[in-house]
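One structure is given here, and the rest of the page talks about it.
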Amino acid sequence: MPQLQEIQNAINGLGTTFEEFKAANDAMQAEIAANGAASTETATKVVNIEAAMAQHEATLTELRDSSDKIFASIDQMNIGSGGRGEAAEKKAAAARQFFARHNAPSEKHRPTDPIGGDFGDTHIDAYANYAKAWLNLIRVNGNVNALPADIQNNLRVGSDTDGGYMVPTEMETTVRERLRDTSPMRSIATVQGIGSDKLTFPYRSDDATSGGWVGEMESRPETGTPQIGEQTIEAFEQYAMPKASQRLLDDAVIDVGGWVMNLTGDKMIRTENAAFVTGNGANKPRGFVDYAAASVTTTDAANRAWGVLQYVPMGADGAFPTSGTADDASALIDMIAALHQGYHAGAVWAMSRLTAAGVRKLKDADGRYLVDFGGTGGLDGGPGFSLHGYSIAQLDDMPAIASDTYPIAFGNFRDGYMIVDRLGMRTLIDPYTTKGQVKFYMTKRVGGDVQNSDAIKFMKAAAT
């Protein structure tokens, strides 16, 4: 498959460019050590190679995303015994819509069900017709009365008491897949679909105690009982409201549904990415970085309070400390040691793109670069950058290295952070506010929070 060859070429190009970067950076550091400054030619060469690496990374990400979608399409085809087939895909789509409808948190948000009964073939056919009718609704500016009676009947399947319509599940899945493919937090955290407005689960904040060893006839007093707490992650509403000209919507060549969902997806990606990392929990998900200000140096073994994260000091204010002429990045090893061994499998580094670029320049005492490329260093298990053997997730919403910031995190985010997706998406079509323009008001409910405060560690850019 040509796509796979392109991916391999991009991987090879990134690996080659990284080797060129290391050689050029070594030369620049040698000039600085000898002359107090690097020559303009050498410094420019390093900058150009860094830009080339960034371009290779962007190309590789784009190709991998495209390849994932190709294999997803193949999976939906009826190829041999392993394919799902069109009928199976229609059944799955209708089932997602059916169970989302019947798990709505209240009657107000629960669409009517003119079909009724248990899930079956009738629901599959009805939702297939509804998906087609929904596109007809868009093309007539949301004016249901302008549609033929049979299409109006099909639309009843997804209507609710507020006059809105559920987005057909096939389209909703497109947005959900795009979020998963392009949002790093969704690729490293746990993502849980829910049918209500919140997810509540228990946690154990401490351990049981042992009474110790006793003789056969000795008394046995009561021992401590483990403390059980309860955490709730709410699904908050986010929205996007793109608009289009009526002339564009009238053009039968345009994939109106795909176009609308692409615009909505772009907005949701930016909103969710920021919230999962830095959100404060006020009508939005709470990001893991929001816990940094209250983090402490107390270790897990010292019974740090549940819900409080641990940080490891970088060793200097706003920078890695220097040892001789080189940066001392031993605090990175301290972070690995601070994380309980049980979380090491699947652990990743999290930092912004700029921080990652700086970390790629770090060396050990023997002059070897700490960051490696190749093997299974990537987040998807393929070739990619790794630091001390753990993959690097580039989260651009994380802070840069500066005085008293928390620019680096390390941990098992699947154990440490949970994203909850409220099943179902609604849309309201507004052709009236602005003449000649049609607005699509679309909403989706999502939440997120740290679920295990031992599974994620911060690095603080401070001496202590």
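Key figures for this structure:
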| item | result |
| --- | --- |
| Positions within region 304-320 being assigned to a loop (DSSP other than H, G, I, E, B) and of a type outside the set (A, V, I, L, M), in sequence order | ARG304, TRP306, GLY307, GLY315, ASP317, GLY318, PHE320 |
| Any chance GLY281 is at positive phi and in the same structural domain as THR464 (by TED's automatic domain parsing) | yes |
| Conditions (1) of a type in the set (Asp, Glu); (2) outside any loop (DSSP other than H, G, I, E, B); (3) under 23 Å from the mean Cα position of the chain (by Cα); (4) over 30 Å from GLY229 (Cβ atoms); number of the one not met by ASP449 | (4) |
| Residue, modelled with the lowest pLDDT, within region 302-322, restricted to residues that are among the small types (Gly, Ala, Ser) and under 18 Å from TYR203 (Cβ atoms) | ALA305 |
| Yes/no for ASP397 being modelled with pLDDT under 95, assigned to a loop (DSSP other than H, G, I, E, B) and under 13 Å from the mean Cα position of the chain (by Cα) | yes |
| Residue tally, condition touching a residue at least 40 places away in the same chain (Cβ under 8 Å) and either in the same structural domain as ALA34 (by TED's automatic domain parsing) or out of contact with any His (no Cβ under 7 Å at 6 or more places or on another chain) (or both), over region 334-349 | 11 |
| Subset of region 225-237 that is modelled with pLDDT of 90 or more and part of a strand (DSSP E or B) - its residue that is surrounded by the fewest Cβ atoms within 10 Å (Cβ to Cβ) | THR232 |
| ASN136 being of a type outside the set (A, V, I, L, M, F, W, C), in contact with a Leu (Cβ under 8 Å, 6 or more places away or on another chain) and at pLDDT 70 or above | yes |
| The listed residue being small (Gly, Ala, Ser), without any contact (Cβ under 8 Å) to a residue 60 or more places away in the chain and closer than 19 Å to ASP364 by Cβ, out of ALA37, ALA33, ALA23 | ALA23 |
| Only one of ALA292, ALA350 that is within 17 Å of MET398 (Cβ to Cβ) and in a helix (DSSP H, G or I) | ALA292 |
| Criterion (at pLDDT below 95, surrounded by 14 or more Cβ atoms within 10 Å (Cβ to Cβ) and touching a Phe, Trp or Tyr at 6+ places or on another chain (Cβ under 7 Å)) met by exactly one of ALA357, ALA329, ALA292 | ALA329 |
| Matching residues in region 276-292 - criterion: being charged (D, E, K, R) and more than 13 Å from ALA235 (Cα to Cα) | ASP290 |
| Condition met for ALA38 (modelled with pLDDT of 60 or more, not assigned by TED's automatic domain parsing to the domain that holds GLY367 and not in a helix (DSSP H, G or I)) | yes |
| Sole residue being over 26 Å from the mean Cα position of the chain (by Cα), in a helix (DSSP H, G or I) and either over 18 Å from ILE408 (Cα atoms) or in the same structural domain as ASN412 (by TED's automatic domain parsing) (or both), chosen from ALA301, ALA275, ALA357, ALA331 | ALA331 |
| Whichever residue in region 393-423 is small (Gly, Ala, Ser), surrounded by fewer than 24 Cβ atoms within 10 Å (Cβ to Cβ) and touching a helix residue (DSSP H, G or I) at 6+ places or on another chain (Cβ under 9 Å) and, among such residues, is nearest to HIS344 (Cα to Cα) | ALA393 |
| Answer from PHE440, PHE410 - the residue that is within 19 Å of the chain's Cα centre (by Cα), in contact (Cβ under 8 Å) with a residue 12 or more places away in the chain and part of a strand (DSSP E or B) | PHE410 |
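The values are calculated or read from the model by the stated rules, or taken from the named source; none is laboratory data. Given the structure is predicted, the values throughout are model-derived calculations rather than measurements. Quick reminder, even Gly has a Cβ in these numbers, built from the backbone with ideal geometry, and neighbours come from all protein chains shown.
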